[in-house]
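Visitor: Sharing a structure below in structure tokens format, with a few things to ask.
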């Protein structure tokens with residue numbers, strides 16, 4: 001595993017070491033000790049989540065707040081997504097800034113998102129299976145969100161507006177300046 005990019009403090013875009021031969025490929029998708037050696041972060045993932053979505057689906061921007069905040073390690077098992085994070089850590093030098101990266105089954109990149117970030121993704125392929133490890137359990141009452149198309153954030157979701165598929169609950173979320181810090 002190697003760090004490809006470090007967009008914000010404690011946030012890492014990671015590339016696994018892949019062994020390929022005539023049979024296909026093998027890679028270790030997660031190893032606690034190697035993750036700590038590379039990032040300096042010790043974490044204990046307690047919950048895995050997986051979603052399946054079609055082209056144009058935008059999920060987000062979501063987070064868990066307070067004692068239920070979650071760090072996540074995300075990747076794509078099938079297809080391609082534009083993964084987006086927004087720093088909502090009050091006092092952070094990158095507060096309110098976003099970062100976008102294409103994650104796919106082909107590139108096998110993983111993004112580690114520390115606690116205090118809003119997260120979302122847009123499906124760029126016909127379908128996509130998205131997988132993420134969380135270091136804390138989900139709690140509905142701690143769920144927070146920010147409107148994905150907030151002009152203040154100015155996120156280019158790549159998907160044409162008429163092709164976007166967004167849940168009503170995500171369309172009703174507040175803007176970043178109304179509900180920013182976690």
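Visitor: Somewhere in segment 143-161, is a residue farther than 22 Å from residue 45 by Cβ, in contact with a strand residue (DSSP E or B) (Cβ under 8 Å, 6 or more places away or on another chain) and not in a loop (DSSP other than H, G, I, E, B)?
Guide: yes
Visitor: Quick check: anything in segment 138-152 loosely packed, with under 14 Cβ neighbours inside 10 Å and closer than 18 Å to residue 57 by Cβ?
Guide: no
Visitor: Kindly list the number of the only condition in (1) modelled with pLDDT of 95 or more; (2) within 21 Å of residue 155 (Cα to Cα); (3) not in a loop (DSSP other than H, G, I, E, B) that fails for residue 115.
Guide: Result: residue 115 fails condition (3) only.
Visitor: Where in segment 23-97 are there strands (runs of 3 or more DSSP E), lying fully within it, with 3 or more residues that are modelled with pLDDT under 95 and surrounded by fewer than 20 Cβ atoms within 10 Å (Cβ to Cβ)?
Guide: Values: elements: 24-27, 47-54, 57-64, 72-78, 80-87.
Those strands (runs of 3 or more DSSP E) span 24-27.
Visitor: Select, from 99, 55, the only residue that is at negative phi and over 17 Å from the mean Cα position of the chain (by Cα). Step through it out loud before you land on a result.
Guide: Values: 99 fails: over 17 Å from the mean Cα position of the chain (by Cα).
After ruling out the rest, the residue left standing is 55.
Visitor: While we're looking at this one, here's another question. Taking the residues in segment 13-22 that are in a strand (DSSP E or B) and over 15 Å from residue 71 (Cβ atoms) as candidates, determine which candidate is nearest to the chain's Cα centre (by Cα).
Guide: 15
Visitor: Could you list, in sequence order, the residues of segment 153-178 that are within 11 Å of residue 57 (Cα to Cα) and within 20 Å of the chain's Cα centre (by Cα)?
Guide: The answer is 157, 159, 164, 165, 166, 167.
The values are calculated or read from the model by the stated rules, or taken from the named source; none is laboratory data. Not measured: the values here are computed from a predicted model. Here Cβ is always computed from backbone atoms with ideal geometry, including for glycine, and neighbour counts include all displayed protein chains.
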